[in-house]
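Working notes, structure below.
The values are calculated or read from the model by the stated rules, or taken from the named source; none is laboratory data. Keep in mind it's a predicted model, so treat the numbers as computed, not measured. With ideal geometry, Cβ positions are generated from the backbone for all residues, glycine too; neighbour counts draw on all protein chains shown. Protein only, heavy atoms only, side chains kept; ligands, DNA and RNA dropped before computing areas. Shrake-Rupley method; radii C 1.70, N 1.55, O 1.52, S 1.80 Å.
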Amino acid sequence: MGIIFLILALILLLPDAYILFGVIGKSPWWLKGLFLLPTAAYYFVIVRMFWLGDMRQSMLNLLFWLTLCVVFPLILFSLISLVGKGIGLLWTPAAVLSNWLALAISLVWLGIAVYGIVVGWKKVTVEEVEISSDKIPAAFDGYRIVQLSDFHIGTYMAAPGTVDRIVSEVNSLKPDLIVFTGDLVNSSSEEIGQFTSVLSRMEARDGILSVLGNHDYCLYKQYTGSYSPERELAEVIRIEEAVGWRLLRNESVRIMRGNDSIAIVGVDNAGSRMFPDKSDLPKALRGLSEEEFKILLSHDPSHWRREVLPTTGIDLTLSGHTHAMQFKIGNWSPSKWTYPEWGGLYKEGKQQLYVSTGIGENIAFRFGAYPQIVVLTLDRK
């Protein structure tokens, strides 16, 4: 991630130089100085983080916010203005009009960024989804499952009241079961400390089941002394159990209603590419029959197409991980460039996948893909 921001910092020199000398070149010195202040702030944060080693969540948020509110608008303005100047060689008014168009589009983007930073990442929504299957036992017709995913709870240290609202909203839904599909933390167990009390208040008739996501292995932080990813992971697991969550690590449980049952299967993170793969799906499925209605909790949705579809008959898979890149307009998100299944309900024959776009975020920003509580209601066909 550091390399990406350093590249952006170098790229930022180009639009700055273009606007400074090509657009506002004859302006007073104080206006030029005012124009350069946001860029100076961006470079200050870059130096603070990647040279002086200040990697606090607040600094990461600030760097991302400056990228959205400074770097992107400047690049947008410069590109549109330059295209207009090119057209202006054939039609003179285009050069002037393009600057106004570039300014308007840049301001629209700035408005989106500010909304996502101030409001969007705390705008909790509830998504109702119906899951239909003729394999659902009669006793589970109408069974309500609340899915939460990707809490990244360290980010909510800047707005702890939002976690209280999330827990209150979940409890008001009176679910039969709550499932959490991974990434409770950003990078360390200490993030959970102030939230253990409120998380322990979350309740459902059949309890809370969870699995690990890639961030829960605490691999994204430099450790010193006796601290290590293994120690942090063990603490994350201990805390989940302490607040009343049952963590499924390549295993399954049955939920009973009289003589009927459904199986909830949970695997450790089944990542691909840069993400860890700790899953053992065959082990998790041991002792379950083909006839049982099975719900798999697997953090990474790429697991569905990679292993679940070709090798199992699992009826419903619940995942998270993508966050829809925390940006969505209508049914479009840039996340689709990376994940074919990035948000919502997907079907392949009789097998289904629901990908939650998450209740939390690595960075305090969301637009369109707002924090999501998912209510899945089982419907026996």
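Computed values, structure above
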quantity	calculated
In the range 189-209, the residues that are within 21 Å of the chain's Cα centre (by Cα) and either of a type in the set (Lys, Arg) or closer than 20 Å to Thr322 by Cα (or both)	none
The lone exception for Thr125 - which of (1) in contact with a strand residue (DSSP E or B) (Cβ under 9 Å, 6 or more places away or on another chain); (2) within 24 Å of Gly343 (Cα to Cα); (3) surrounded by 15 or more Cβ atoms within 10 Å (Cβ to Cβ) it fails	(3)
Qualifying residue in the range 327-350 (condition: touching a residue at least 40 places away in the same chain (Cβ under 8 Å), open to solvent by less than 20 Å² (accessible area, probe 1.4 Å) and not in a loop (DSSP other than H, G, I, E, B))	no
Options Asp315, Asp300, Asp260, Asp280; residue that is in contact with a His (Cβ under 9 Å, 6 or more places away or on another chain), among the charged types (D, E, K, R) and at pLDDT 95 or above	Asp300
Members of the range 295-321 that are closer than 19 Å to Pro276 by Cβ and open to solvent by 10 Å² or more (accessible area, probe 1.4 Å)	Ser302, Arg305, Arg306, Glu307, His321
